[in-house]
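See structure below.
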Amino acid sequence: MPLTLSSVAIAEKNKLNTDSAFLVVLRIVIPGVSEPVRIVENSEDITWQHPSDTTPQTYTVFPFQINEISDSTSGEVPQVTIQISNISRIMDSYNQMYDNYIKANGYTPVTVSICVVNTKVIAADPTADPEVEHTFELSQPKTDAEWATYVLKAGNPYQRRFPQNRILRNHCRFKFKSTLCGYGGAETDCDGTLLKCRTLNNSTRFGGAPGVGLGGFDVT
């Protein structure tokens, strides 16, 4: 699929020689780590705002290697291997924080955004969108004295629930005390059942569907 580049990036790409550069940056969101890991393949730090951030952030020069991201016509989930320098053991510490988070809160994937930015574009506008961006989930992490190696894969659409919403006979699909729920009393907990909703005098806003019968559930 052809890439859509900014007009400045296209002009810089087509020049015989240019003083700008296309840089690969990584924004790694690790549950349990307060801030995303932001690194860039360059000779100096850069300041840039990823679309998920609210202000420009510093991307630190840090050694990493990334293999080629290829398209597949056979329906396979794309994968790419990334190696990040672990000589300082900083990636080991992040992995330990992530492990502690999973033990306390359950599994949440690490997400990695691989972006390409042009130095001339972000110098003029640090909030400019990346020229290219791919987002992956972390799998099979391993570390040694030199590298932290990660296999990153795109989310598999076949593992997502479809249709997205389910209508259950005796379970409310609304978040407790949300606008759809409408409950504004002093109770702090709800198990989502119709009985509980009636106890709270809020059954007119019940988000289940008692009329679907006893045969299971319908999907919408």
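The values are calculated or read from the model by the stated rules, or taken from the named source; none is laboratory data. What you see is a predicted model, and the numbers here were worked out from it, not measured in a lab. Here Cβ is always computed from backbone atoms with ideal geometry, including for glycine, and neighbour counts include all displayed protein chains. Areas reflect the complete protein model, heavy atoms only, side chains present, ligands, DNA and RNA absent. Shrake-Rupley method; radii C 1.70, N 1.55, O 1.52, S 1.80 Å.
Within segment 177-209, work out how many residues are open to solvent by 60 Å² or more (accessible area, probe 1.4 Å) and either modelled with pLDDT under 85 or of a type in the set (D, E) (or both).
Quick first cut of segment 177-209, residues open to solvent by 60 Å² or more (accessible area, probe 1.4 Å) only: 177, 179-180, 184, 186-189, 191, 195, 198-199, 201, 204-205.
Then drop every residue that is not either modelled with pLDDT under 85 or of a type in the set (D, E) (or both), which leaves 187, 189, 191.
Going through segment 177-209 one residue at a time, the tally reaches 3.
Read through the list (1) surrounded by fewer than 16 Cβ atoms within 10 Å (Cβ to Cβ); (2) modelled with pLDDT of 90 or more; (3) of a type in the set (A, V, I, L, M, F, W, C), then give the number of the only condition that V117 fails.
(1)
For (1) under 19 Å from the mean Cα position of the chain (by Cα); (2) open to solvent by less than 90 Å² (accessible area, probe 1.4 Å); (3) at pLDDT 90 or above; (4) not aromatic (F, W, Y), each residue gets a yes or a no:
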{"site": "V132", "(1), (2), (3), (4)": "yes, yes, no, yes"}
{"site": "T135", "(1), (2), (3), (4)": "yes, yes, no, yes"}
{"site": "R161", "(1), (2), (3), (4)": "yes, no, no, yes"}
{"site": "I167", "(1), (2), (3), (4)": "no, yes, no, yes"}
{"site": "K175", "(1), (2), (3), (4)": "no, no, no, yes"}
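Among the residues of segment 51-69, which ones are modelled with pLDDT under 90, open to solvent by 70 Å² or more (accessible area, probe 1.4 Å) and either under 17 Å from S139 (Cβ atoms) or hydroxyl-bearing (S, T, Y) (or both)?
If the condition is that a residue be modelled with pLDDT under 90, open to solvent by 70 Å² or more (accessible area, probe 1.4 Å) and either under 17 Å from S139 (Cβ atoms) or hydroxyl-bearing (S, T, Y) (or both), then N67 is the only one that fits.
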